[in-house]
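J.: The following block contains the structure, expressed as C-alpha cells.
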Amino acid sequence: MDILILNGSPRTSGTVARLLHEIESSALKNGATVTFTDVSRLSFASCTGCMACRKTGKCVLPHDDAHVIAEKIKSCSAIAVGTPVYWGNMNGELKRLFDRLVYVLMKESPLGIPSPLNKGKAAIIVSACTTPFPFNILCGQTTKAFAALKEILCTSGFKIKGSVTAAGKVKSEKMILRKTRKAQALGKKISK
C-alpha cells in the first residue's frame, strides 16, 4: 500500500501537519509505504490554462515538483490531503498544485465530460481553522474547504474514507488527543 500525504499548510508543525503525521505514523505501523510532502516546500510553476494536458495527458510546462507529485499520484493507492482554512477554502498553494495536476486526476470525453483516473483509491481530508466550533460550520469555514477538496478528489475517482477537522484558535489538549486518535484510526483504515 503506497500512501501519498500532501500537507497544504505552510506551518510544518501546526495542527494540520500534526494530524497528517499521525496518519503517517499509523499507516507506517500498518505496513504501508508513505510519502509525506509539504506543499509549501515544493517549487513549481502555476498552471497557464493552455489545456494541452487535456489532449496529451501530460503537462507541457518545464519539469518541476508538480510533475514529481503527479507521478506519485499515479502510483499511490491512497492519498491524505490536509489544509488550513483560508477564507473558507483550501490554501492557495495547495489549490495551485491541484490546478497543475488535472491530467493525472481526470480526463475528458470528446464532449468535455470528466472521467476519473483514480478509481478505487482511498482518500482522507484533514483541515484546521481558527474559527471556533460551531461557527466553523455555521460560517462555512471548514465545510467549504472540505467541499472543495472533496470535489477535486471525488471527481478524480478517490473515495473519501474519512476526515478530521480541528476548529478554534485555542485547541485544548483533550480536543487534540481526540483528533489525534481519529487521525490514527484513519491512517490504519487507508493502509489496509
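The values are calculated or read from the model by the stated rules, or taken from the named source; none is laboratory data. Everything numeric here is computed off the predicted structure, so don't read it as measured data. Because the Cβ atoms are built from the backbone with ideal geometry, glycine has one as well, and the counts that use them run over all protein chains shown. Remember, those area values only see protein heavy atoms, side chains included, never the ligands or the DNA or RNA. Shrake-Rupley method; radii C 1.70, N 1.55, O 1.52, S 1.80 Å.
J.: If N136 meets every condition in (1) in a loop (DSSP other than H, G, I, E, B); (2) over 19 Å from the mean Cα position of the chain (by Cα); (3) touching a residue at least 24 places away in the same chain (Cβ under 8 Å) apart from one, which number is that one?
T.: Here N136 meets the rest and fails (1).
J.: OK, next. Which one is farthest from L94 (Cα to Cα) among residues in the range 17-40 that are under 11 Å from the mean Cα position of the chain (by Cα) and outside any strand (DSSP E or B)?
T.: Checking each candidate, the answer is L20.
J.: Quick one: which of K188, K161, K192, K95 is under 22 Å from A66 (Cβ atoms) and open to solvent by 10 Å² or more (accessible area, probe 1.4 Å)?
T.: When all the criteria are applied, what remains is K95.
J.: Restricting the search to the range 166-183, which residues are open to solvent by 40 Å² or more (accessible area, probe 1.4 Å) and within 23 Å of L4 (Cα to Cα)?
T.: K179, R181, K182
J.: Inside the range 122-150, can you point out the residues that are open to solvent by 30 Å² or more (accessible area, probe 1.4 Å) and modelled with pLDDT of 90 or more?
T.: Of everything in the range 122-150, those that are open to solvent by 30 Å² or more (accessible area, probe 1.4 Å) and modelled with pLDDT of 90 or more turn out to be T143, K144, F146, A147, K150.
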